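The structure appears right after this line, and notes come after that.
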Amino acid sequence: MARPNRLHQEVSPQPDSVEPALSPLELDRVIHERVRLGIISALAANESLTFNDLKRLLALTDGNLSVHARKLEEAGYVACSKGFEGRVPRTEYKLTLTGRRALEKYLKHMEALIAAMRPTAF
């Protein structure tokens with residue numbers, strides 16, 4: 001007997017949480033990309049990080065980090081502030097509340113997909 005396709009089953013919502021969609025096609029494409037997921041995860045674990053911190057942490061080039069950080073900024077997930085430390089430019093990134101909520105929703109979605117793919121207990 002074939003197992004029912006649990007990827008499209010309804011999940012009962014939990015209080016104060018966003019119901020995860022179970023279709024892999026509905027993943028947040030802004031966060032799902034590997035570099036952007038790395039950036040947003042690093043910022044979720046830190047109050048803020050500089051451009052150079054993120055570049056070293058994620059082993060990225062300047063251009064690669066700039067493009068992905070801008071995409072997160074345009075989505076409202078990351079806030080960027082630019083200034084100077086002495087005469088040296090300093091770019092700092094912080095995760096916004098919108099970004100934190102989007103990451104939480106993304107993680108719940110991934111957890112639901114994983115749970116749906118695991119075989120049920122006997």
Checklist entry - Considering only the range 68-106, how many residues are over 20 Å from L27 (Cβ atoms), surrounded by 14 or more Cβ atoms within 10 Å (Cβ to Cβ) and out of contact with any strand residue (DSSP E or B) (no Cβ under 7 Å at 6 or more places or on another chain)? => result 0
Checklist entry - What number of residues within the range 79-122 are touching an Asp or Glu at 6+ places or on another chain (Cβ under 7 Å) and of a type in the set (F, W, Y)? => result 1
Item to check | Complete set of residues in the range 63-97 that are without any contact (Cβ under 8 Å) to a residue 12 or more places away in the chain and of a type in the set (F, W, Y) | outcome: F84
Checklist outcome for this item: Here the qualifying pairs (Cβ atoms under 6 Å; residues six or more apart or on different chains; first in the range 98-122 and at positive phi; second assigned to a loop (DSSP other than H, G, I, E, B) and at pLDDT 95 or above) come out as none
Checklist entry - Among the candidates L22, L37, which residue alone is within 30 Å of R118 (Cβ to Cβ), surrounded by 14 or more Cβ atoms within 10 Å (Cβ to Cβ) and modelled with pLDDT under 95? => result L22
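The values are calculated or read from the model by the stated rules, or taken from the named source; none is laboratory data. Given the structure is predicted, the values throughout are model-derived calculations rather than measurements. FYI the Cβ positions are ideal-geometry reconstructions off the backbone, even for glycines, and counts take in every protein chain you see.
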